[in-house]
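First comes the structure, then the notes that go with it.
Read-outs throughout are calculated quantities, based only on the coordinates presented, and are distinct from any laboratory measurement. Predicted model, so just to flag it, every value in this text is computed and none were measured. Cβ coordinates were reconstructed from backbone atoms using ideal geometry, including for glycine residues, and neighbour counts include every protein chain displayed.
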Amino acid sequence: MMKYSILLSTLLSTNILYGVELSPITVSSDKIEDSVVDNAQTIDTMNTDKIKLTNTTNIKELSAIVSNTNISGIGNRNDTTITMRGVSNYVTYESSVAMYVDDVPMPFSYAFGLLDMYNIGSIEVLKGGQGTLFGKSSQSGIINVYTKPLSDTFEGEISAGYGSYNSKSFYARVSGNTGIKNLNYGFSVTQNSSDGYTHNVMTGNNFDYKDFTSFSAKLNYKPTDTLDITLSYVKSNSDDGGAPFKSNTIEDPFNIKLELIDDSLKIQSDALSLRVKYQEDKTSFSSTTSISKYSQQKSDYIGILGGVDLDTDIDIQEFVQEFKYKRKFENADLTIGAFYSDKTTFDYQENLTLLTLYPMPISSLNTLEVPDENIALFTQYRYYFNENYSLMAGLRYQESKRIFNRVFNDFGAKKVSAEDTTKDSTILPTLSFSYYGEDNAHTYFTYSKGYRMGGYSYRASELLVPFKAESMDSYEIGYKKVWQEGWSLNSSLFYNGIKNHRINTFTETIGSIVLNADKAYSYGAELEIQYKKDSMLLYSSFGWTEAKYQTFSEDAYRPYENNTLLEVPNITASLGVHYDINANLYVNSSLRYMGERYYNIENTAKADAYMTMNASVGYSYEDWLIEAYATNLFDQEYVDVMIATPSNEYMHFGVPRVVGMKVSKNF
């Protein structure tokens, strides 16, 4: 009943605000990028120009563009893994990084891979714990996404593209006024597909085909200058083939020879949200309500033990409510917020079948239900002593309850079940000190504490294998500066002290067990330089991270102390240039470098560093644009993610060279 009470209170507050005469004020979103220099933390920003320059068409392609960040997965749109400054959710659904889209929190990381990059206006990546600025829990960072804005006059755009491997893309968007004063609309649709670049020798089919469709609708109503109401709906469907892993070899990476059955992955996602914002003079109040559904059907053949077929069905539903109050004073500003989420459904079913070792197939059935509730209260207060100095202090209290109900049938054995309920609460502080120079520069020191709830491993052979809550103390020293000549600098040094660091390990049958290292750490440096003026846009980023296990309480894992943490690149770097040759013709070129990464606790499974280059040339005339492009221009073969078992290393290779053309028109 609690969630319905919150929803009712949101609607009532909307009606009350609507009936009050309010003085005029400009309403804006909670975007941070306008005050990036003033913010006492590292913030990487990408606008439409930068997204186009880097040819970023899915969230994984933000890797390396954002320093010390690796976004990967096992080849499909699910299981998105985000590693940021040494902290990763490697092959687990519960990410240490949270994501917001138009100020609406995405409730689960399974849906991160369904983000429609064609409809994005800007992206902000905030690093470090964000517990006192956002409602959604975020241990190591926030990805803050804003879609393309609505217009009060009719406008639109349409684009289509075709490239290697029968790659097709289509995007269309319209926006305008409904005919009712101050009521604007926006619709967009995206469809892209590819035949895939990996061939299944056994079946004769392409292995990793992809087909993605996303539809979004948005209504925005401004009954007064102080009230802004937005209703949004997004529906996404994905139909992908398998994740083409190669076992123990980098020879002939795009032919799969051990898969007797083609894999498949079908995903559906629906998200409905209501955002109400009231802003008057120096005060603002916002309420965001969302209801999300996610379903996944996955079939995966594994060529071990004579052949194993793994079928997985997942259904998730979640209700989220977030309130935020902001107030600006003469020498200070204050944020107070409340957050509530109710994952009413988290149903997981896994059917593992041995196909060829016995006269008839034998199955193992693993099902569980993991609903949970979360509540958080957070506040942040910044005081400006004068034009040069400020101090910020924040505090977050969060409380979580999770029910774990598991039933397991291990290859014909009698079904066994176990149930447990875990509850925990924590307080997370934030503190920062800033010095603002007269030359548009900002030097700061920030401390923040991040946290990820513990739980149980649901793919282990034992019914209840617990792992502890993970916490992190983050320290950052940074320097930012903007020059009038068009240059900007963003630099930082950081240190993370991690307690009960979460480690995902794999058994021979690709079952997983989650472990905890008592202590771990990561430290490093980041440098980003950008130049934009007249006909030139140039950006560069560099990140270096050292991340190690420090201590294990269990004797079996002490030999791995001082080993490198999983999936953490030692170096990331990127460089991009956009140049307008004349008023109609332009060229883009971008490089990305991803350092070496380890994929098992023993540090024997390692993916080598790699670098890729993208290039494009475009010609515009009036409202038309035609662009020719090439991604991975030099056809670099590289491993972007790996699954390591005691005797095998299953390698997934990145996308080879793709050459294509796009045509678009604005109207």
Checking a compactness column here: for the stretch 124-252, what do you get for Rg(Cα) / (2.2 N^0.38 Å), N being the number of residues?
1.50
For the stretch 312-422, the charge dipole (Cβ of Lys, Arg +1; Cβ of Asp, Glu -1; about the Cα centre) points to a positive end, and the Cα of 389, 370, 353 closest to that extreme belongs to 389
If we count every other residue with Cβ under 14 angstrom of residue 646's Cβ, Lys/Arg +1 and Asp/Glu -1, where does the sum land?
-3
Just the number: Rg to Rh for the stretch 320-449, Cα atoms, Kirkwood Rh, two decimals.
1.30
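Work out how much length residue 383 to residue 435 would gain on full extension: take 0.36 nm times their residue separation and subtract the Cα-Cα distance, in nm to one decimal.
17.5 nm
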Charges on Cβ only, +1 for Lys and Arg, -1 for Asp and Glu, centred on the Cα centroid of the chain; of 162, 400, 474, which one is farthest towards the dipole's positive end?
400
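With Rg and the Kirkwood Rh both taken from Cα atoms, where does Rg over Rh land for the stretch 95-153? Kindly include the intermediate steps, with their values, before the conclusion.
Values: Rg = 12.1 Å, Rh = 12.0 Å.
Here the Rg-to-Rh quotient is 1.01.
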Give me the dipole magnitude in Debye, nearest 20, for the chain about the Cα centre, with unit charges on the beta carbon: positive for Lys and Arg, negative for Asp and Glu.
900 debye
From the C-alpha coordinates alone, can you work out the Kirkwood hydrodynamic radius of the stretch 494-652, in Å?
18.6 Å
Straight-line reach from residue 423: which lysines have a Cα under 17 Å away, not including same-chain ones fewer than 8 places off?
343, 401, 468
Averaging sequence separations of C-alpha pairs under 8 Å and six or more residues apart, then dividing by the length of the stretch 227-277, give the relative contact order as a whole percent.
64 percent
Viscosity 1.306 mPa s, temperature 10 °C: what is the translational diffusion coefficient of the chain from Stokes-Einstein with a Kirkwood Rh over Cα pairs, rounded to a whole number of µm²/s?
61 µm²/s
Once every Cα of the stretch 543-634 carries one equal point scatterer and solvent is ignored, give the base-10 log of I(q)/I(0) from the Debye formula at q = 0.13, 0.20, 0.24 Å⁻¹, two decimals.
-0.62, -0.93, -1.12
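Tell me, what is the percent relative contact order of the stretch 419-460, built from C-alpha pairs under 8 Å that lie six or more residues apart? Walk me through the intermediate numbers first.
Values: 32 pairs, mean separation 14.9, N = 42.
Rounded, it is 35 percent for the stretch 419-460.
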Need the full-extension length gain, residue 49 to residue 203, defined as separation in residues times 0.36 nm minus the C-alpha distance. One decimal, nm.
51.2 nm
Along each of the three principal axes of the Cα atoms of the stretch 415-531, give the extent in whole Å, ordering the values from largest to smallest.
70, 33, 21
Residue separation between residue 535 and residue 659 times 0.36 nm, minus their alpha-carbon distance, gives in nm 42.1 nm
Label points 7 Å out from Cα along the Cβ direction at residue 555 and residue 168: separation in nm?
6.3 nm
Counting only C-alpha contacts under 8 Å and six or more residues apart, can you give the relative contact order of the chain as a whole percent?
12 percent
Which entries of 181/277; 127/532; 127/449; 222/293; 50/266; 168/662 have Cα-Cα distances beyond 20 Å here?
127/532; 222/293; 50/266
What does the charge count around residue 401 come to, taking other residues whose C-beta lies under 13 Å from its C-beta (Lys +1, Arg +1, Asp -1, Glu -1)?
-3
19 Å cut-off, amide nitrogen to a point 7 angstrom out along residue 582 Cα→Cβ, residues in the stretch 591-627
617-627
Students often check this: by mean Cβ neighbours within 10 Å, which of 415-423, 290-298 ranks highest, and how do the rest follow?
290-298, 415-423
